[in-house]
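Take a look at the structure below.
The values are calculated or read from the model by the stated rules, or taken from the named source; none is laboratory data. Because the structure is predicted, anything quoted here is derived from the model rather than measured. Positions of Cβ are backbone-derived with ideal geometry, glycine not excepted, and every protein chain shown enters the neighbour counts.
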Amino acid sequence: MTKDLLSRSKLFVLSIVVALALLLAGCTLIEAMRPLLSDVSVEPDVISPNADGYDDVTLIRYRLGRNAKVSIYFTDASGRRHYFRKERSRSPGEYSVYWGGVIDGEETILENEYTRQIVRSRVLPDGVYTWTIEATDEAGHTAAVTGTITIQDADTELPELRKFTVVPPVFTPNQDGIDDRVGISYFLNKDVAEVNVYLISPDDPDLRVPLGETAGTAKPGERGPHYYDYDGGVDLGADPPPDGTYIVVAEARDAVGNYVVVTSTLTIVEGGKPRALIPNAEIDWQGAVGTELWVPLGGRIVFTTVVENYGKVPIRTSGPWPGTVYRSDENFNTLAVKMGDDSFYEQAGVWRFGIRFDVSETDFPYRWAIGRPQDLERRIINGREQWYLMPGKRGLVYGAIELVKPPPRNDIFAWGALIHEWVGINPENNYIDRVLIHVGVP
């Protein structure tokens, strides 16, 4: 009884296996009997790809009976093939795709007196073309259908990013006022649908930094001059891309699909957000008792402090040097005239230590470099001497203010600050070690 039951079970399983095999064979046979390529059409057969909204594209349709690699190409009067699709793997089914005369994959170089750029895609010129839709199945059988299509009134004018420039080619986005920004400019010869400008790193293909266009006479994508002001993001408090050489890419695509790319290079050196402070927010006011100081008229307010660069980039400074003594009726501008040194004037990106009184008429009229020459690194940039407090270093600052005229009242407040000129004063670097000064008669 048991043997009979086992025999029947084996027979049942065998029957299922045979049925499935016959079914699969039948499906394969049916599939093999279907046409490899059928229901092919390209309509309309006359197009004018110029983005006017009329007959800009044609619709390509076809059906595949089985798995195949499909190519769609257009042959011009000289016999040259222009591939729209080349050996794309497709499964059985119906397919449709629009074509507007654009050919990708035939990368060329456009070079003239204005530009040298890569042409990634372009619209075929006016003419009569033979279209071919070709399919090759897994067994190597090929089927093809051909016809003709006419292109007329096509917009074949390529976008040109003329006079594409990156100036300076090396920049230091660290807010020192020297080569902190880079300007990227070009002239667009026609209106386009989109323009993208960005940085890419040869060492990190996944790093792509988009750049925003600066508002100008021409709106984005319009014919005319265009400009990009790039600071590495430092002005917004962000860290710039890591130091290194980058490729600046600008790409333009018009409404019909003409697509061009132009490139240049940009090197970032010593990029980063500058950071400095006065350790422990402490100023040594000579002779002070607690937070009060007694100074006779004609006497001097003498101080000493330290500035530390705790960031990753050098910070620039300029005189007057530590040890400078101001008269209370002077300021750094009048001292520049008196000493004949224009480096004392306020400069974009320069850091200085400053002192002001609550009765001062100008903002921090008394200013000093944030270190002695021996604390700093001397550089010659663009023919001029510059001084930097390097990362991790400290600078010693000291000086005096001689009270030559009586203030509006006998009791005045004074405090120090670390000033980043034309950038600002961080809250942590202002109102440092505020002291009450009692001005008396000598």
For segment 416-435, which residues satisfy the criterion of being assigned to a strand (DSSP E or B), among the hydrophobic types (A, V, I, L, M, F, W, C) and out of contact with any Ser or Thr (no Cβ under 6 Å at 6 or more places or on another chain)?
A417, L418, I419, I432
Would you check if there is a residue in segment 91-100 being touching a residue at least 40 places away in the same chain (Cβ under 8 Å), part of a strand (DSSP E or B) and either closer than 30 Å to T263 by Cβ or assigned by TED's automatic domain parsing to the domain that holds R253 (or both)?
yes
Pairs under 6 Å by beta carbon, first residue not assigned by TED's automatic domain parsing to the domain that holds T334 in segment 344-359, partner assigned to a loop (DSSP other than H, G, I, E, B) and at pLDDT 95 or above, six or more apart or different chains?
none
Any pair with Cβ under 7 angstrom, 6 or more apart, that starts in segment 360-383 at a residue that is in the same structural domain as F332 (by TED's automatic domain parsing) and among the basic types (K, R) and ends at one that is outside any loop (DSSP other than H, G, I, E, B) and loosely packed, with under 12 Cβ neighbours inside 10 Å
R378/E385
Among Y83, Y114, Y129, which is surrounded by 17 or more Cβ atoms within 10 Å (Cβ to Cβ), touching an Asp or Glu at 6+ places or on another chain (Cβ under 9 Å) and either in a strand (DSSP E or B) or not aliphatic (A, V, I, L, M) (or both)?
Y129
How about segment 29-62: which of its residues are in a strand (DSSP E or B), of a type outside the set (D, E), surrounded by fewer than 16 Cβ atoms within 10 Å (Cβ to Cβ) and in contact with a Leu (Cβ under 9 Å, 6 or more places away or on another chain)?
S38, S41
With the requirement that a residue be among the β-branched types (V, I, T) and in contact with a strand residue (DSSP E or B) (Cβ under 6 Å, 6 or more places away or on another chain), what does segment 305-364 give you?
T305, V306, V307, I315, T317, T324, V325, V350, I355, V359
So G424 clears everything in (1) out of contact with any helix residue (DSSP H, G or I) (no Cβ under 9 Å at 6 or more places or on another chain); (2) touching a residue at least 60 places away in the same chain (Cβ under 8 Å) except one condition, right? Which one?
(2)
Can you name the condition, by its number, that G323 falls short on among (1) crowded, with 17+ Cβ neighbours inside 10 Å; (2) more than 35 Å from the chain's Cα centre (by Cα); (3) not in a strand (DSSP E or B)?
(1)
From the list V337, V404, V397, which one is in a strand (DSSP E or B), over 35 Å from the mean Cα position of the chain (by Cα) and on the phi < 0 side of the Ramachandran plot?
V397
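Would a scan of segment 299-306 turn up a residue that is at pLDDT 95 or above and within 37 Å of the chain's Cα centre (by Cα)? Before the answer, list the steps.
Within segment 299-306, the subset at pLDDT 95 or above is 299-306.
Pick out the ones that are also within 37 Å of the chain's Cα centre (by Cα) and you get 306.
Yes, some residue in segment 299-306 is at pLDDT 95 or above and within 37 Å of the chain's Cα centre (by Cα).
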The one condition V195 fails out of (1) closer than 30 Å to A154 by Cβ; (2) outside any strand (DSSP E or B) is (2)
Selection count, segment 133-149, where residues are surrounded by 17 or more Cβ atoms within 10 Å (Cβ to Cβ) and β-branched (V, I, T):
3
Can you tell me which residue among E385, E361, E377 is modelled with pLDDT under 95 and out of contact with any Asp or Glu (no Cβ under 9 Å at 6 or more places or on another chain)?
E361
Would you be able to say whether some residue in segment 242-253 is assigned to a loop (DSSP other than H, G, I, E, B), surrounded by 15 or more Cβ atoms within 10 Å (Cβ to Cβ) and under 13 Å from the mean Cα position of the chain (by Cα)?
no
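Regarding segment 198-214, can at least one residue be identified that is over 17 Å from T265 (Cα atoms), out of contact with any Asp or Glu (no Cβ under 7 Å at 6 or more places or on another chain) and not in a loop (DSSP other than H, G, I, E, B)?
Yes, the conditions are met somewhere in segment 198-214.
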Filtering segment 90-108 down to residues that are farther than 12 Å from I47 by Cα and of a type in the set (F, W, Y) yields Y95
Filtering segment 154-187 down to residues that are among the hydrophobic types (A, V, I, L, M, F, W, C) and within 30 Å of Y129 (Cβ to Cβ) yields A154, L158, L161
Just a yes or no: is a residue in segment 133-151 outside any strand (DSSP E or B), under 27 Å from V192 (Cβ atoms) and not assigned by TED's automatic domain parsing to the domain that holds K190?
no
Do we find that E346 is charged (D, E, K, R), more than 42 Å from the chain's Cα centre (by Cα) and either surrounded by fewer than 21 Cβ atoms within 10 Å (Cβ to Cβ) or at positive phi (or both) in this structure?
no
